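Only one structure is covered here, and it is reproduced in the block below.
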Amino acid sequence: MEVAAEDVVVGDVVLVRPGEQVPVDGMLLAGRAVVDESTLTGESRPVERRQADRIASGALNAGGPFEVRAVATEADSTYRGLVRLVEQAQAERPPFARLADRVAVWFVPFTLLVAGGAWWLSGDPIRALAVMVVATPCPLLLATPIAITSGMSRLARRGVVTKGGGALELLARAEVVLLDKTGTVTAGRPRVLDVEPFGGSDQDEVLRLAASLDQVSAHVFAPAIVQHALQAGAQLALPQEVSETPGMGIAGQVDGYPVRVGRAAWVTNGPLPPGARAVQRRTAVEGSSSVFVAIDGVLAGAILLEDPLRPEAVRTIAGLRRRGVRHVALVTGDRVEAAELVGRAVGVDGVLAERTPKDKVDAVADAQRDGIVVMVGDGVNDAPALAHADLGVAMGFAAAGLLAPVAGALVQEAIDVLAIVSALRALRISRPARPRPELAALADRLRSEHLRMRPRIDELRRLADELDQLPPPDALARLRAVDRFVEGALVPHELAEEAEALPLVAGTAGADDPTGALRHTHREIVRLSRLLHTAVRALDTCGPTGEDLPELRRLLYGLHAVLRLHNAQEEEAYGHLDHAADPVRA
């Protein structure tokens, strides 16, 4: 029977169907469940729960149906607690309302006292009326909301929607900024990082077969795998006889091959090869994710996925520091290892990982001891912390008898107009520059070149990994192919960026000019490329010997690491070209 969530009592058994939200906190009765807890934790990856595990209300069923025994009522469950935290924060008066309350405590009695005194001293009740008219605090009541509304309108032009003016009242004095990770510092959408073939399997074929099967998958990783394959030029086939096990993987026939894509233990029953175990270690260290691919019952490869940093993240944090923010911290529900990696990459002062929504509220409260706190997040799980964080300016003449009530009223209106005009200054924006579409075209071209070269750049690290396992002739052939790519495509691309893009970035970036660091990494890329070219040309025609391998591996690893860092820096810098090309966005 179907009942309202508030009618569920402790001990009831609740069926949660696919796609439904868990209504109350409960204990999984049997088997396993795959749930999406992004509403609660902010992390987009589904998690698996087993028998007797507790499942929090607000989680979505991302797998098959399961039953839970309620361990709390709806009013006492996790999701209701989250809503309650938001309601409590919203019930607090905004800073301006509290200021008006404080002013009213003395302003009204003082006005009555002055008006009464003027009447008593002059014997003219008209003076009391004049005081009352002029003392109406219209500027206080009008100027601030108009200034706030104008500021909100100006923000809206930049794609920022502001609910209420409390945030704008305190924003200029912000001292501490707390950032959520997923969807705030990172893009919040998975992207294929690498494709690792096992046992001599062809990398492109592993990707093509997996993406063909994933075309009909509902898994959160499937669109990223399909998109990556299409961008790589793969010709995808329509899979047949498809069956998907939620939380485990998908199986089907592709071009006559039985293909399985999913968890390592599900796609194959045999022992994992060393390459697969290396992938699992790598994802554990990097905080990335992996999907394994079996072809005809044999584990053929793995697809690694990451949640990439937003290109503007580093620049934004640096800008906050220049504008007076003393402390920037990452507050996330993700694992410590993944959070620390992201925190170090963007340069925050501290990382608070594995934090529940209640923990995030506590983090905001702790930070408020050090100053005004701004909390930045993107999900329901951040709502309580967002609501608790800090984010949200007089009179004489009439008592002396110099103004009649009508004149006082006119002066009052003049003051109101001046206050409104002054407040409307918040709406002004600089005259937009003439759009420069050629800058946007240049930024788009450079990004597309990065995208095309990414698989070839990843080949540097892959070759370094496999160099001591390859026969010398095969190693020589791959080294020469890498050298041709570096000399024929990579170095010319970097030199073209140096000549075309960096002067434009420097001209549009102003105080945020990042080209100094970019030019340094350009020089390092060219230096390492020349060293690699010299080392490859010096090899004997039989291939590298054991003595050659350490230096070759060092050059390949070093060039790959510098390129990954440099391309991330350039993606950030291209944002300056986009803003210069589109003044409205700027």
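The packing ranking of peptides 547-553, 336-342, highest mean first, is 336-342, 547-553, where packing means the average number of other beta carbon atoms within 10 angstrom of each residue. Each peptide among 521-528, 230-237 gets the average number of other Cβ atoms lying within 10 Å of its residues, and from highest to lowest they stand as 521-528, 230-237. Here segment 50-76 and segment 442-501 have alpha carbon centers that stand 49 Å from each other.
Under 5 Å between amide hydrogens, built in the peptide plane, is the criterion, and for residue 63 it picks out 19, 34 among residues at least 5 positions away or on other chains. Once the Cβ-Cβ distance of residue 172 and residue 441 is raised to the sixth power relative to R0 = 35 Å, the FRET efficiency obtained is 0.40. FRET efficiency for the residue 337 to residue 50 pair, using the beta carbon distance and R₀ = 30 Å, is estimated at 0.85. Cβ crowding within 10 Å ranks 359, 483 as 359, 483, fewest other Cβ atoms first.
The Cα center of segment 521-572 and the Cα center of segment 310-357 differ in position by 31 Å. Spin-label model, residue 124 to residue 189: label points 7 Å out along the Cα-to-beta-carbon direction sit 7.2 nm apart. Remark on segment 289-376: ratio of C-alpha radius of gyration to 2.2 N^0.38 Å is 1.47. Using the Stokes-Einstein relation with a Kirkwood hydrodynamic radius computed over Cα pairs, the translational diffusion coefficient of segment 177-273 at 20 °C and a viscosity of 1.002 mPa s comes to 147 µm²/s.
When 201, 217, 122, 212 are arranged by Cβ crowding within 10 Å, least crowded first, meaning fewest neighbours, the order is 122, 201, 217, 212.
Between residue 280 and residue 71, the simple label model (points 7 Å from Cα in the Cβ direction) yields a spacing of 2.8 nm. Prolate is the label for segment 208-323. Its Cα gyration tensor axes, ordered a ≥ b ≥ c, give a/c of at least 1.5 and a/b above b/c.
Where a number appears in this text, it was derived from the coordinates with a stated rule and is not lab data. Quantities reported herein were computed from a predicted structural model and do not represent experimental measurements. All Cβ positions, even for glycine, are placed from backbone atoms using ideal geometry, and neighbour counts span all protein chains on display.
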